[in-house]
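First comes the structure, then the notes that go with it.
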Amino acid sequence: MPTFVQILDFIGTFAFAISGIRLASAKRFDWFGAYVVGLVTAIGGGTIRDILLGVTPGWMTDPIYLICTGLALLWVILFGKHLIHMHNTFFIFDSIGLALFTVVGVGKSISLGYPFWVAIMMGSLTGAAGGVIRDVLINEIPLIFRKEIYAMACVIGGIFYWFANLLGIESVIVQLISGSSVFITRVLAVKYQICLPILKGEEEAE
């Protein structure tokens with residue numbers, strides 16, 4: 001039976017893959033191109049995290065990530081017309097993937113014995129890096145470089161994970177609290193247009 005973290009990982013993979021494939025379809029990519037975009041969105045952050053942590057990336061030992069991306073592509077092919085009319089589809093799936101991958105990244109780092117400040121960084125990297133690669137491939141400015149609250153939501157989720165863990169709360173509840181905090185932070189930030197200050201250039205400062 002898969003563990004709770006593995007279930008989160010699989011759901012996050014599917015959600016992120018759909019978000020990537022959805023954007024690729026808007027750019028009129030072919031099926032293979034859309035699959036590649038979905039795949040790097042889903043495994044990009046986790047791959048970089050695992051390399052930094054000194055472990056073999058999960059997709060190299062378990063084909064489920066490649067299969068999940070294939071299922072996400074099939075989902076978009078079959079229900080693409082409905083997804084196009086659902087304007088919030090990308091945002092919802094991207095936020096779900098962001099939340100779940102942050103939890104997975106923080107949890108994996110802690111299980112390998114790394115301190116919490118490293119775990120928070122790895123959680124943020126797991127959640128946000130795949131989206132950066134996706135946006136570069138589809139020729140968009142990555143979300144984390146815009147004024148939207150994106151990577152900061154991962155940091156907040158990591159901090160919630162840390163505090164909940166310090167309080168001795170059961171691990172599954174800790175993961176739910178952390179993931180929910182990422183998702184809620186992202187939703188509230190977009191709904192109420194909460195953003196970080198923009199760094200002004202020399203011309204704007206004059």
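Tally up the residues in segment 161-177 that are of a type in the set (Phe, Trp, Tyr) and either closer than 17 Å to Ile96 by Cα or in contact with an Asp or Glu (Cβ under 8 Å, 6 or more places away or on another chain) (or both), please.
1
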From the residues in segment 166-189 that are surrounded by 14 or more Cβ atoms within 10 Å (Cβ to Cβ) and β-branched (Val, Ile, Thr), which one is modelled with the lowest pLDDT? Val187
Right, Arg134: surrounded by fewer than 17 Cβ atoms within 10 Å (Cβ to Cβ) and either among the basic types (Lys, Arg) or in contact with a strand residue (DSSP E or B) (Cβ under 8 Å, 6 or more places away or on another chain) (or both) or not? no
So which residues in segment 141-156 are charged (D, E, K, R) and touching a residue at least 12 places away in the same chain (Cβ under 8 Å), if there are any at all? Lys147, Glu148
Those residues that are surrounded by fewer than 24 Cβ atoms within 10 Å (Cβ to Cβ) and closer than 18 Å to Ile43 by Cβ, I need them from segment 108-124; list them, please. Lys108
Within segment 142-165, take every residue that is of a type in the set (A, V, I, L, M, F, W, C) and more than 17 Å from Ala119 (Cα to Cα) and give me the one that is surrounded by the most Cβ atoms within 10 Å (Cβ to Cβ). Ile149
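The values are calculated or read from the model by the stated rules, or taken from the named source; none is laboratory data. Here the structure is a predicted model, which means the values were calculated and not measured. No Cβ is skipped: glycine too gets one built from the backbone with ideal geometry, and neighbour counts run over all protein chains shown.
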